[in-house]
1. Filter the range 34-53 down to the residues that are in contact with a Ser or Thr (Cβ under 8 Å, 6 or more places away or on another chain) and closer than 11 Å to Glu16 by Cα and list them by number.
2. For the subset of the range 4-21 comprising residues that are free of Cβ contacts under 8 Å to residues at least 24 places away in the same chain and farther than 10 Å from Ala49 by Cα, which member is surrounded by the most Cβ atoms within 10 Å (Cβ to Cβ)?
3. With respect to Gln20, determine if the residue is of a type in the set (S, T, N, Q) and in a helix (DSSP H, G or I).
4. Those residues that are surrounded by 12 or more Cβ atoms within 10 Å (Cβ to Cβ) and either charged (D, E, K, R) or free of Cβ contacts under 8 Å to residues at least 40 places away in the same chain (or both), I need them from the range 38-53; list them, please.
5. Considering only the range 27-53, how many residues are in contact with a Leu (Cβ under 6 Å, 6 or more places away or on another chain) and part of a loop (DSSP other than H, G, I, E, B)?
Amino acid sequence: MGTVSAQVYGSPGDVETEIQRRANASGAPYYLIVMISDSVYPGIWYANALLYR
């Protein structure tokens, strides 16, 4: 169905919540987070996820 990515200031849980919000907004009932990583800047997290039907 597609992919989503997110970048947030906070914690790994915050970026997971943002991925969930974006998946729901896309109408995808299921998603799989394939990568969560921190950046070189403290407190900035990013993630990529695959969306499924």
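Every read-out reported here was derived from the displayed coordinates using simple, explicitly stated rules and does not represent laboratory data. Keep in mind it's a predicted model, so treat the numbers as computed, not measured. Reconstructed Cβ throughout: ideal geometry from the backbone, glycine too, with neighbour counts over all protein chains shown.
1. Across the range 34-53, the qualifying residues are Trp45, Tyr46, Ala47, Asn48, Ala49.
2. Going through the qualifying residues, I end up with Thr17.
3. Values: of a type in the set (S, T, N, Q): yes; in a helix (DSSP H, G or I): yes.
Against the criterion (of a type in the set (S, T, N, Q) and in a helix (DSSP H, G or I)), Gln20 qualifies.
4. Passing the criteria: Asp38, Ile44, Trp45.
5. 1
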